[in-house]
Amino acid sequence: MTRRNPINRAQRRLERPPRERFATREVAFDVDGETCRGTLYLPAGDPDDPPVVVLAPGLGAERSFGYPAVAERFADAGYAALCFDYREFGASDGDSQAVSPAAQRADYAAAIDRARRVDAVGRGLILWGASLSAAHALTLAADRTDVDAVIGLVPMLDGRAIARRRGARYLLRAGVAGVRDLVGSRFGRGRTVPIVGDAADLAAITEQGTKRGYLDLVDRDSRWRNETPARSLLRVASYRPVERLSEIRAPTLLVAGTDDPIVERETVADAGDTLTRGTVVSMPADHFSVLGDDFEPAIGHQLSFLRGVF
């Protein structure tokens with residue numbers, strides 16, 4: 001997780017902080033008898049009780065898909081950062097690559113608890129997510145009273161609305177494939193679909209231009225497969241964090257991309273109006289360029305927001 005050479009196409013031109021500016025340690029934590037694994041990034045110089053940012057990957061992704069660059073920048077700015085893999089992905093237990101919002105929120109909550117047990121970390125807590133993991137961060141912030149700030153990049157706010165925009169044919173195909181997988185998986189005959197595909201594909205992400213942007217973030221040494229059980233489509237489509245936004249009390253930053261084909265800027269702006277202490281930043285970016293070509297302005301907005309909180 002801490003290699004200094006670029007590990008994906010999208011981030012080859014990023015300037016990474018010098019390695020002596022932060023330290024890392026590998027961590028593990030239990031969730032329902034299974035193990036999640038991650039990397040804890042700590043600022044150099046032994047600062048007093050730094051706040052901790054808990055980072056989770058987006059839909060169908062591993063933590064190596066561009067997220068170490070984010071964690072490094074937080075550590076360089078004086079924050080601790082814990083970046084982890086969900087169960088069924090990456091270095092954590094399981095390899096089905098099933099996407100279950102409920103299970104992933106449980107993993108995220110366990111990661112928060114693990115971060116709380118690190119002696120070198122203070123009590124300040126920031127939840128961070130991009131796309132689907134932003135949905136988890138927002139939902140958990142609605143559930144908890146110990147969250148000091150939330151950052152959501154291109155947040156997936158309403159899975160049902162996204163699925164409906166893809167049209168009736170997509171909804172029918174996704175429903176049939178998901179039910180067949182649910183039934184077939186009981187007999188060892190489950191069905192998979194691509195995580196990211198072209199517009200005509202039955203995939204979890206199908207919007208025009210997104211396939212290249214997603215695949216350019218994949219770690220070249222990863223064993224990741226572009227597939228997920230078809231039941232993941234049903235679970236993501238029924239996920240609606242937008243219904244919980246009014247319950248969040250912590251300062252919350254939402255970053256919208258003006259060229260995002262998955263989460264429209266207007267949707268994010270409306271979410272900001274619902275939040276009690278919301279800040280919305282719109283920037284020229286698409287759904288994945290906030291981790292690639294548009295990384296610098298995106299991380300700049302995040303660090304500026306945090307300076308206003310802590």
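Which residues, counting only those in the stretch 160-204, are of a type in the set (Phe, Trp, Tyr) and either modelled with pLDDT under 95 or under 22 Å from Val218 (Cβ atoms) (or both)? Please lay out each step first, then the result.
So the first thing to find is which residues in the stretch 160-204 are of a type in the set (Phe, Trp, Tyr), and the list is 170, 187.
Selection gives Phe187 alone.
Conditions (1) in a loop (DSSP other than H, G, I, E, B); (2) modelled with pLDDT of 95 or more; (3) aromatic (Phe, Trp, Tyr), marked per residue:
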{"position": "Glu26", "(1), (2), (3)": "no, yes, no"}
{"position": "Phe29", "(1), (2), (3)": "no, yes, yes"}
{"position": "Thr39", "(1), (2), (3)": "no, yes, no"}
{"position": "Ala61", "(1), (2), (3)": "yes, yes, no"}
{"position": "Pro68", "(1), (2), (3)": "no, yes, no"}
{"position": "Arg73", "(1), (2), (3)": "no, yes, no"}
{"position": "Ala81", "(1), (2), (3)": "no, yes, no"}
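Note down all Cβ pairs under 7 Å where the first residue falls in the stretch 233-256 and is without any contact (Cβ under 8 Å) to a residue 40 or more places away in the chain, the second is surrounded by 22 or more Cβ atoms within 10 Å (Cβ to Cβ) and of a type in the set (Ser, Thr, Tyr), and they're at least six residues apart or on different chains.
Pairs found: none.
Residues checked against (1) farther than 17 Å from Ser133 by Cα; (2) in contact (Cβ under 8 Å) with a residue 12 or more places away in the chain; (3) in contact with a Ser or Thr (Cβ under 9 Å, 6 or more places away or on another chain):
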position: Gly272; (1), (2), (3): yes, yes, yes
position: Ala285; (1), (2), (3): yes, yes, yes
position: Ser289; (1), (2), (3): no, yes, no
position: Ser304; (1), (2), (3): yes, no, no
position: Phe310; (1), (2), (3): yes, yes, no
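Could you look through the stretch 20-57, keep only residues that are aliphatic (A, V, I, L, M) and buried (at least 22 other Cβ atoms within 10 Å of the Cβ), and pick out the one that is farthest from Arg87 (Cα to Cα)? Don't jump to the end; show me each part of the working.
Residues of the stretch 20-57 aliphatic (A, V, I, L, M): 23, 27-28, 31, 40, 42, 44, 52-56.
Now restrict to residues that are buried (at least 22 other Cβ atoms within 10 Å of the Cβ): 40, 52-56.
Numbers: Leu40: 17, Val52: 21, Val53: 20, Val54: 16, Leu55: 15, Ala56: 12 Å.
Only one residue tops the list, namely Val52.
Is there any pair with a first residue in the stretch 12-23 that is more than 11 Å from Ala69 (Cβ to Cβ) and a second that is aliphatic (A, V, I, L, M) and assigned to a loop (DSSP other than H, G, I, E, B) whose Cβ atoms are under 6 Å apart and which are 6 or more apart or on different chains, and what are they?
Within 6 Å, the pairs are Arg21/Ala44; Phe22/Ala44.
Testing Asp95 on (1) in a loop (DSSP other than H, G, I, E, B); (2) under 20 Å from Leu140 (Cβ atoms); (3) acidic (Asp, Glu), one condition comes back false. Which one is that?
Looking at each condition in turn, Asp95 falls short on (2).
From the set of residues in the stretch 99-135 that are in a helix (DSSP H, G or I) and in contact with a Gly (Cβ under 6 Å, 6 or more places away or on another chain), which is surrounded by the fewest Cβ atoms within 10 Å (Cβ to Cβ)?
Of the residues in the stretch 99-135, the ones in a helix (DSSP H, G or I) are 101-116, 132-135.
Now restrict to residues that are in contact with a Gly (Cβ under 6 Å, 6 or more places away or on another chain): 132-134.
Working: Leu132: 25, Ser133: 27, Ala134: 27.
The qualifying residue surrounded by the fewest Cβ atoms within 10 Å (Cβ to Cβ) is Leu132.
Specify the residue that is farthest from the chain's Cα centre (by Cα); the eligible residues are those in the stretch 41-59 that are aliphatic (A, V, I, L, M) and assigned to a loop (DSSP other than H, G, I, E, B). Give the derivation first.
Pass one, the stretch 41-59, residues aliphatic (A, V, I, L, M): 42, 44, 52-56, 59.
Next cut, assigned to a loop (DSSP other than H, G, I, E, B) only: 44, 56, 59.
Details: Ala44: 25, Ala56: 5, Leu59: 7 Å.
Ranking the candidates gives Ala44 first.
May I ask you to list the residues in the stretch 22-70 that are charged (D, E, K, R) and in contact with a Leu (Cβ under 8 Å, 6 or more places away or on another chain)? Step through it out loud before you land on a result.
Looking only at the stretch 22-70, we keep the residues that are charged (D, E, K, R), and these are 25-26, 30, 32, 34, 37, 46, 48-49, 62-63.
Those that are charged (D, E, K, R) and in contact with a Leu (Cβ under 8 Å, 6 or more places away or on another chain): Arg25, Glu26, Arg63.
Test of understanding: among Ala203, Ala199, which residue is among the aliphatic types (A, V, I, L, M), under 25 Å from Gly66 (Cα atoms), touching a Pro at 6+ places or on another chain (Cβ under 9 Å) and without any contact (Cβ under 8 Å) to a residue 24 or more places away in the chain?
Working: Ala199 fails: touching a Pro at 6+ places or on another chain (Cβ under 9 Å).
Residue meeting the stated conditions: Ala203.
Take the residues in the stretch 213-228 that are more than 16 Å from Asp201 (Cβ to Cβ) and of a type outside the set (Lys, Arg), then tell me which one is farthest from the chain's Cα centre (by Cα). Spell out the reasoning first.
Filtering the stretch 213-228 for residues more than 16 Å from Asp201 (Cβ to Cβ) gives 216-224.
Filter once more, keeping what is of a type outside the set (Lys, Arg): 216-219, 221-222, 224.
Details: Asp216: 16, Leu217: 13, Val218: 14, Asp219: 16, Asp221: 20, Ser222: 17, Trp224: 16 Å.
Here the answer is Asp221.
Take the residues in the stretch 199-249 that are assigned to a helix (DSSP H, G or I) and of a type in the set (Lys, Arg); name whichever of them is surrounded by the most Cβ atoms within 10 Å (Cβ to Cβ).
Initially, the stretch 199-249 is screened for residues assigned to a helix (DSSP H, G or I), giving 210-215, 231-237, 241-247.
With the extra rule that they be of a type in the set (Lys, Arg), the set shrinks to 211-212, 231, 235, 244.
Details: Lys211: 21, Arg212: 11, Arg231: 24, Arg235: 20, Arg244: 17.
Checking each candidate, the answer is Arg231.
Taking the condition surrounded by fewer than 21 Cβ atoms within 10 Å (Cβ to Cβ) and farther than 27 Å from Asp49 by Cβ, does Asp293 pass?
Values: surrounded by fewer than 21 Cβ atoms within 10 Å (Cβ to Cβ): yes; farther than 27 Å from Asp49 by Cβ: yes.
Judged against the criteria, Asp293 is a match.
The values are calculated or read from the model by the stated rules, or taken from the named source; none is laboratory data. None of these values were measured; they are calculated from a predicted model. Don't worry about glycine lacking a Cβ; one is built from the backbone with ideal geometry, like all the others, and counts go over all protein chains shown.
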